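A.B. asks: Quick one: structure below, then a few questions.
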Amino acid sequence: MQFNPADTALVVIDPQNDVLSEKGLSWALVGDSIQENNTVENLAALFAESKKQNYQTFISPHYLYPHDQGWKYGGIVEELMLKSREFFRPDPLGREGLLGSGADWLDRFKPYIEDGSTIVVSPHKMWGPQTNDLVLQLRKRRINKVILAGMLANLCVESHLRELLEQGFEVAVVKDATAAPRHPTIGDGYEAALINYGFLANAVLSTSETITQLG
């Protein structure tokens, strides 16, 4: 898989406090995986290099609003997110309550995301981009190759990978620019994701390998 700024984009999923900050709601489950993978530093390196090499960057965020609390059923992790108010924003039309919250960007990434050129698509509501406009925004820019990174490896990242492949995109996953929960009874989400990446993705790369190809 070859990268070119004309047809390739970096897509970063959920670069937000609740899944990347030590103060985030998910840190107890994902912190060890983040630290072992050097996830935050690797994401920062991907952001920096993609900007330097003029690749378009897209953010697919996760936001849950007050009306989402009315959902009547869900899976285990989905219900945990709603109960804990992970990625919660009190107003879908304004920024009140966003700054510094779990739904806000990790401070380290704000210079890259808020530079005026990064495309922040509408929020996905569960795991994949079927509920947002990521695919539309990519196609409108004639992007057909995606470099995928962000959180969480076995949930939103894997779901984005599957849907983008079904939509006809070539997709590379950056395996150490993500991380996943380790649940005491469900298991290790990162190990599960790595296996599926190997079966599904057009390429599975490290951050250093990706940066070399971006250049």
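The values are calculated or read from the model by the stated rules, or taken from the named source; none is laboratory data. The structure presented is a predicted model; accordingly, all values stated were derived computationally and were not measured. Cβ atoms come from the backbone with ideal geometry, glycine included; neighbour counts cover every protein chain shown. What goes into the accessible areas is simple: the full protein's heavy atoms, side chains included, and nothing from ligands, DNA or RNA. Shrake-Rupley method; radii C 1.70, N 1.55, O 1.52, S 1.80 Å.
A.B. asks: Can you run down the residue pairs with Cβ atoms below 7 Å, 6 or more apart or on separate chains, where the first is in the stretch 132-144 and under 17 Å from residue 2 (Cβ atoms) and the partner is open to solvent by less than 100 Å² (accessible area, probe 1.4 Å)?
C.D. replies: 142/7; 143/7; 143/8; 143/9; 143/56; 144/7; 144/169; 144/170
Yes/no matrix, rows are residues, columns are (1) under 20 Å from residue 206 (Cα atoms); (2) of a type in the set (Ser, Thr, Tyr); (3) modelled with pLDDT of 95 or more:
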{"position": "123", "(1), (2), (3)": "no, no, yes"}
{"position": "126", "(1), (2), (3)": "no, no, no"}
{"position": "143", "(1), (2), (3)": "no, no, yes"}
{"position": "146", "(1), (2), (3)": "yes, no, yes"}
{"position": "149", "(1), (2), (3)": "yes, no, yes"}
{"position": "154", "(1), (2), (3)": "yes, no, yes"}
{"position": "159", "(1), (2), (3)": "yes, yes, yes"}
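A.B. asks: Report yes if some residue within the stretch 176-188 is free of Cβ contacts under 8 Å to residues at least 60 places away in the same chain and of a type in the set (A, V, I, L, M); otherwise report no.
C.D. replies: Scanning the stretch 176-188 turns up no residue that is free of Cβ contacts under 8 Å to residues at least 60 places away in the same chain and of a type in the set (A, V, I, L, M).
A.B. asks: Return the residues of the stretch 129-172 that are of a type in the set (Gly, Ala, Ser) and surrounded by fewer than 22 Cβ atoms within 10 Å (Cβ to Cβ); say none if nothing qualifies.
C.D. replies: Taking the stretch 129-172 first, the residues of a type in the set (Gly, Ala, Ser) are 149-150, 153, 159, 168, 172.
159, 168, listed by residue number.
A.B. asks: Give me a count of the residues in the stretch 1-51 that are farther than 17 Å from residue 179 by Cβ and among the small types (Gly, Ala, Ser).
C.D. replies: Residues meeting the conditions: 4.
A.B. asks: Continuing with the same structure: Take the conditions touching a helix residue (DSSP H, G or I) at 6+ places or on another chain (Cβ under 7 Å), modelled with pLDDT of 90 or more and either buried (at least 16 other Cβ atoms within 10 Å of the Cβ) or within 25 Å of residue 138 (Cβ to Cβ) (or both) and apply them to residue 60. Does it pass? Can you show your working first?
C.D. replies: Numbers: touching a helix residue (DSSP H, G or I) at 6+ places or on another chain (Cβ under 7 Å): yes; modelled with pLDDT of 90 or more: yes; either buried (at least 16 other Cβ atoms within 10 Å of the Cβ) or within 25 Å of residue 138 (Cβ to Cβ) (or both): yes.
Taking the combined requirement at face value, the residue satisfies it.
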